[in-house]
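Below: one structure, written as structure tokens.
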Amino acid sequence: MTGKQASYPSLVDQVRENHQPLAEVTQEQQCVLQGRFLRVVRDTVLQPNGKLATREYVQHPGAVVVVPMLDDGRYLLERQYRHPMARMMIEFPAGKLDDGEPGLDCARRELREETGCEAREWAYAGVMHNCIGYSDEHIEIWFARGLSQHEQALEEGELLHLSAATLPELLELTRSGALTDAKTLTCLLWLQLVDSGLWALDWQELAA
């Protein structure tokens, strides 16, 4: 014998109505640490049940990630050593937004600096929030194609290796645990759906 199935409200309706019954209201904010571009804060918040609680999180200016599409059907990626993980990580090119910088401008800059490539066409895919439990960081996802090769312009101390892979190869690297970077995994979700034709991108051609 089975129990009665619970009745759940429609998630789609809740999102459409911007239903936020559990919203918290910040009462006070304290800066715990001010780094070079990261800031750690401790907020005192009023919960909807009338109780006070504290929330500690990292404030981040935001970033972009680029999916560079090569003419041979492969995708351009980077491998670089990430100190917090103590290992080489497989990633799509990415970088931090400067204050007030449009996402496309940042995407073009990071692609040129890190890979030496410029793209003739660009398409905005969406935005991801990669660590919602402890940071307000958001990352814009951009696709780029029609690449032309120029000189890299890496920042001092920035070391990385460039390589290329097909979508099936990237999925196998994900399955095996070799590819674990959150922003790159999110890009692979988009990439699979675009590649299958289920999702379409709105491409725009840029002047050289």
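The values are calculated or read from the model by the stated rules, or taken from the named source; none is laboratory data. Just so we're clear, the structure is a prediction, and the values are computed from it rather than from any experiment. Positions of Cβ are backbone-derived with ideal geometry, glycine not excepted, and every protein chain shown enters the neighbour counts. All accessible areas refer to the heavy atoms of the entire protein, side chains included, with ligands and DNA or RNA removed. Shrake-Rupley method; radii C 1.70, N 1.55, O 1.52, S 1.80 Å.
With Cα atoms as the point set, the radius of gyration and Dmax of region 41-81 evaluate to 20.6, 59 Å.
Report the Stokes-Einstein translational diffusion coefficient (µm² s⁻¹, integer) for the chain, Rh taken as the Kirkwood radius over Cα pairs, at 4 °C with viscosity 1.567 mPa s. Please report the intermediate quantities before stating the final value.
Values: Rh = 19.7 Å.
My calculation gives 66 µm²/s for D.
So in the chain, what percent of DSSP beta bridges are antiparallel if you round to the nearest 5?
Values: 42 of 49 bridges.
Around 85 percent antiparallel, to the nearest 5.
With all protein chains in place and a 1.4 Å probe, the accessible surface of the chain carries 52 percent carbon and sulfur. What the chain shows is 64 Å² of accessible area per residue, with the surface traced by a 1.4 Å probe over protein heavy atoms. Near GLY116, the amide H atoms lying under 5 Å from its own belong to ALA153; only residues 5 or more places off or on other chains count, and H is placed 1.01 Å from N.
Long hydrophobic helices in the chain, taken as whole DSSP H segments with a C-alpha length of 30 Å or more on their own axis and mean Kyte-Doolittle hydropathy at least -1.0, are absent. Does region 100-208 come out rounded, prolate or oblate by the C-alpha gyration tensor, with a ≥ b ≥ c the root eigenvalues, rounded set by a/c under 1.5 and, if not, prolate when a/b is larger than b/c and oblate if not? Rounded shape, in that the Cα axes give a/c under 1.5. Here the contact order of region 1-130, divided by its residue count and restricted to Cα pairs under 8 Å and six or more residues apart, works out to 13 percent.
Each Lys and Arg Cβ is given +1 and each Asp and Glu Cβ -1; about its Cα centre, region 88-208 then shows a dipole of about 480 debye. Among the protein heavy atoms, those of SER176 account for about 70 Å² of accessible surface (1.4 Å probe, every chain in place).
Label-to-label distance, ARG109 versus SER148, with points set 7 angstrom from Cα along the beta-carbon direction: 2.2 nm. Each label was represented as a point 7 Å from its Cα along the Cα-to-Cβ direction; for ALA200 and LEU171 these points are 2.3 nm apart. Around the Cα centre of the chain, unit charges on the Cβ atoms of Lys, Arg, Asp and Glu (plus for the first two, minus for the last two) sum to a dipole of about 840 debye.
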